[in-house]
Amino acid sequence: MLDRLTLSMRASHVLAALLVVAALVLAVVGSAIGDTFYLRLATEALIFAGLALSVDLLLGYSGALSLGQALYFGIGAYTSALVLMKVPSFWLAMGAAAGMTFVCAIIGGLIANRVRGVYFALITFGLAQVVAKVVYNIRDLGASDGMIGIPVIDIGIGPFSVSAGNPVGFFLVVLVIIMALYAATAYLLDTPFGRVLTALKANEKRVPFLGYSVWRARMVCYLAAALIAGLSGALYPMLRGFVSPELMFFMTSGNAVISVILGGVGTLVGALYGSVFLVIIKSVIGSWTDHYLIIIGLLFMAGVLFMPKGLIGFVRPHVERMIAPRHLRETRAPEQDAPLKAEEVKP
Amino acid sequence: MNALDYLQFVLAPQVVNGLALGVAVVLVALGLTIIFGLLDVINMSHGEFYAVGAYLALALGAAHIDFWLLIVLVPVLMLPLGMVTERLLIRPVFNTKDRHVTTLLVTFGLALIAEDVLKLIFGPNTQRPPTPIPGASEIFGIILPNYRLFLIAIGAVIVAGVAFVVYRTRLGAMVRAAAYDRNMAASLGVPVSLVYSGTFAFGVALAGLAGVLLAPIYSIFPTMGRDFILLAFTVVIVGGMGSIWGAVVAGLLLTQVQALASLVISPVWTDPIVFGTMVAFLVFRPQGLFGRLGHA
């Protein structure tokens, strides 16, 4: 039986496939004209799309707004950088970043998951700020300058080998990893556990009555989100050859939140599109004024106030109608928010 | 160095400097906690309103308006700004299900814009207005800048004034009633909608006032709001959302923790200690020291 949730997720997958096609076209065109700049920019957009994906998993599915997801992005990036300086191995760096992020996320999760709502947002915000400030002052981690001179590595995939210095090759590697993270997240949400998360967002008080532990669901969600952010972050030093404390600053977390809101909360694929969209506006507007934040801020506020489903909210219903089987096609989707609006919001 | 000298030349100045910082933090946190206590809105742009206040003071000060007049003038000018913000940005999403998150996000967007607008108008450089009260005094053999003493004194006056308005006037009773149960307050004739925008504007005006008062010490730059905001949020959480006394006690406590800790360990690690204090409070007393505005 195909329900609305599955249908909208399938529509997301169609849009994700479109994104992959667009990326492949870019890769072909880019390698044909020998472009480096735009391929690097697109690679960076994809890496930050991974961070946005982790924010969307938390915000869109368990309803927890993290204002400090860059913390795990930064931890992944620093771990990867440290490993690469010693041993130039792609898989070792990714593994170490995942392990380190996981351990840190257990500590962070134990602190942050004691609270919810705005308190959760403020705690995650504070955690990231504090760790960023500590990293900013530790000389062994390069302090405020960060670490430079991370070697360009060769990424061995089976019998093949791709250099991280090759713009097209590395772009494709990042594309594969980010899409794998997307697929893993989508799979996680499709399991019974994923449905518990969805239930959590709809009505947290009723979930325990059904025999599920709210705390455990939130914690697993938090850990999964942190892992996604950490693995995305681990790719960053391979692209840019340096890491800096700015990766952990609020602006990085904030950009991920902006991407998610612009793309569409709770759609997964919206996070990816939002991130690409944000990079495009930044480089287009940034080419004629330094004050692009005003425009991004206005777009962001308009997104929050007028388009709660973001860009994907315009596109996805059409895709849904195209791929829906007959019995779901005729009936209009019920207004999902309607019964909740009637409930009085407790102050 | 004997114990008495340590007390006089190391500990006491540190405590007094911590007190000045504490008053600064309390001034910033006061508006934040009132807005949260009544409207349930985490105002992410509070730091930027603080910056706007400081820049207003700078611009008007350049037009030769006296500092003492600015202390009154800037908050009054901030009132309509807060009113408009509440009407345009908070009101439309106030009755949605996720209003905590939505209003937080909207004010975050506003913060982005405000910061960049300030940069556009005043340039990215750090500016420092002249200290309105120059010189230093010697108290018990400790030399203290006069302006910091003045700041501590006026901070106490402002806190007392705000507490008086909130807890001892009819206006404050309306605010507390609306915070406790807005439907009941509305049916008893409290103009709830006006109380909401008025309170938001009042919080914004307090942020502006903090900007005027703190600019001579902490300088003025477009991102100045970020420096205080984490500490202010920490104070609001530890003190209890919306509690004025909570903000005062938590503000002074946390800055003393910071000031005294930096005597013993490297200042780098004082932030984690302050943050750890907040986490400890959340573990043992999630509602904060004094609980919410309007609730007891």
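Values in this text are rule-based calculations from the coordinates and carry no lab data. Here the structure is a predicted model, which is why all the values come from computation and not from measurement. Cβ sites come from the backbone with ideal geometry, for glycine too, and all protein chains shown count toward neighbours.
Annotations
- Karplus 3J(HN,Hα) series, Hz, for the stretch B:241-248 with 6.51 cos²θ - 1.76 cosθ + 1.60 (x for Gly, Pro): 4, x, 8, 5, 5, x, 4, 5
- Using Cβ point charges alone (K and R +1, D and E -1), the dipole size of chain A about the Cα centre works out to roughly 780 debye.
- Only Lys, Arg (+1) and Asp, Glu (-1) charged, at Cβ; chain B dipole about Cα centre in debye: 680 debye
- Extent of the stretch A:159-202 along its three principal axes (Cα atoms, max minus min coordinate, largest first): 45, 21, 9 Å.
- The mean number of partner chain beta-carbon atoms within 10 angstrom of a residue's beta-carbon across peptide A:122-131 is 6.
- B:Gln256/A:Phe306 FRET efficiency (R0 51 Å; Cβ-Cβ; nearest 0.05): 0.65
- Convex hull of the stretch A:80-228 built on C-alpha atoms - directionally averaged projected area, nm²: 11.1 nm²
- Alpha carbon Rg of the stretch B:239-279, scaled by the compact-globule rule 2.2 N^0.38 Å: 1.23
- Distribution of pairwise C-alpha distances over the stretch B:96-137, 10 Å bins, in %: 22, 25, 23, 21, 8, 1
- Inter-label distance, nm, simple model (7 Å from Cα along the C-beta direction), B:Leu4/B:Thr223: 4.8 nm
- Distance histogram in 20 Å bins (all Cα pairs of the protein assembly as shown, percent per bin): 18, 51, 28, 4, 0
- Among the listed pairs A:Lys201/A:Lys282; A:Lys309/B:Lys97; A:Lys282/B:Lys119; A:Lys282/A:Lys309, those beyond 25 Å (Cα-Cα): A:Lys201/A:Lys282
- Rounded to the nearest 20 debye, the dipole magnitude of the protein assembly as shown is 1460 debye, with +1 charges on Lys and Arg beta carbons, -1 on Asp and Glu beta carbons, and the Cα centre as origin.
- Backbone HN-Hα couplings from phi across the stretch B:253-269 [Karplus 6.51/-1.76/1.60, Hz, Gly and Pro as x]: 4, 5, 6, 5, 4, 5, 5, 6, 5, 6, 6, 9, 10, 4, x, 4, 8
- More than 25 angstrom apart: percent of Cα pairs within the stretch B:25-151: 38 percent
- The equivalent ellipsoid that matches the C-alpha gyration tensor of chain B spans semi-axes of 31, 24, 18 angstrom, in descending order.
- Panel order for B:Asp98, A:Asp145, A:Asp154, by other beta carbons found within 10 Å of each beta carbon, from fewest to most: A:Asp145, A:Asp154, B:Asp98.
- Given charges at Cβ of Lys, Arg, Asp, Glu: the protein assembly as shown dipole, positive-most of A:Pro208, A:Phe306, B:Val28: A:Pro208
- Normalising by residue count, chain A has a Cα convex hull of 161 Å³ per residue.
- Cα lying deepest toward the dipole's positive end in chain B, options B:Asn2, B:Pro129, B:Val84, charges on Cβ: B:Val84
- Its Cα gyration tensor gives the stretch B:204-283 an equivalent ellipsoid. The semi-axes, each the square root of 5 times an eigenvalue, are 22, 18, 11 Å from largest down.
- Neighbour-count order for A:Lys205, B:Lys97, A:Lys133, fewest beta carbons within 10 angstrom listed first: A:Lys205, B:Lys97, A:Lys133
- Ranking of A:Arg218, A:Arg114, A:Arg206 by neighbouring Cβ atoms within 10 Å, starting from the fewest: A:Arg206, A:Arg114, A:Arg218.
- Across the stretch A:199-205, coupling constants 3J(HN,Hα) worked out from phi with the 6.51/-1.76/1.60 Karplus curve, θ = phi - 60°, read 5, 4, 6, 6, 7, 5, 6 Hz, and Gly and Pro carry x.
- Peptide-level mean, for B:275-282, of C-beta atoms on other protein chains within 10 Å: 4
- Calculated [222 nm] ellipticity per residue, helices only, for chain B: -24000 deg cm²/dmol; basis is -39500 (n - 2.57) per DSSP H run with n ≥ 4, divided by all residues, nearest 500.
- Farthest toward positive dipole pole in chain A [+1 Lys/Arg, -1 Asp/Glu at C-beta], among A:His291, A:Met238, A:Ser8: A:Ser8
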